[in-house]
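I have placed the structure first, in the form of structure tokens, so that the comments after it can refer back to it.
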Amino acid sequence: MTKVKVIAGACGFTSVIKVEKIRKMCVKVEVISACQYLRSLNEDMLEIDCSKNVFVKIKDSYIYEIASKKLRDTDCPVPCAIIKGIQVELGGATEKDVHMKIQKFI
């Protein structure tokens, strides 16, 4: 199992994404979060066939498709974190943290 912790920022929510390999290119994803919109993703991620529409262009990605239907904010980093978690669980990427530092200069 792979876990990804996301501290989202302005919304104040911290989420944990659990990705578990079921079969060769099939995973189950669970988002644990106080955000009701993120939790609503779970019903569509019980079994994801990653050989179809996961590792494709953003506009064609299954993860971003369900996120676009259920999440309110386009700047939510969780969909990207879900894909990163899937990549690590399936052995297609190494465990490497991603950071964003946002600064406004006047």
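What follows draws every value from the coordinates through simple rules; no lab data is involved. Keep in mind that this is a model prediction, so the values were computed, not measured. All Cβ positions, glycine included, derive from the backbone under ideal geometry; neighbour counts span all protein chains shown.
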By a straight-distance test (C-alpha under 20 Å), which lysines pair with K24 as possible cross-link partners, with residues fewer than eight away in the same chain excluded?
K3, K52, K84
Helix 78-89: angle to the longest alpha-carbon principal axis of the chain, degrees 0 to 90, nearest 10?
40
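Tell me, what is the percent relative contact order of the chain, built from C-alpha pairs under 8 Å that lie six or more residues apart? Show your work: numbers first, answer last.
Values: 153 pairs, mean separation 26.6, N = 106.
Normalised by residue count, the contact order of the chain is 25 percent.
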Taking the simple approach of a point 7 Å from Cα along Cα-to-Cβ for both F13 and K96, what is their distance in nm?
2.8
Electrostatic dipole magnitude of region 58-106 [Cβ: Lys, Arg +1; Asp, Glu -1; Cα centre; debye, to 20]
220
In the Gaussian network model of the chain, springs joining C-alpha atoms below 10 Å, which of K21, K57, K84 carries the largest mean-square fluctuation?
K57
Answer with one residue from H99, L38, M1: the one whose Cα lies farthest towards the positive end of the charge dipole of the chain, charges on Cβ with Lys, Arg +1 and Asp, Glu -1.
H99
For the pair E65 and N53, the simple spin-label estimate (label points 7 Å beyond Cα toward Cβ) gives in nm 0.1
Within region 1-34, list the residues whose amide N lies under 17 Å from a label point set 7 Å along Cα→Cβ of R72.
8-15, 33-34
Which aspartates and glutamates, on any chain, are close to K18 with Cα under 20 Å apart, when same-chain ones fewer than 8 places away are left out?
E30, E43, D44, E47, D49, E65, E89, E95, D97
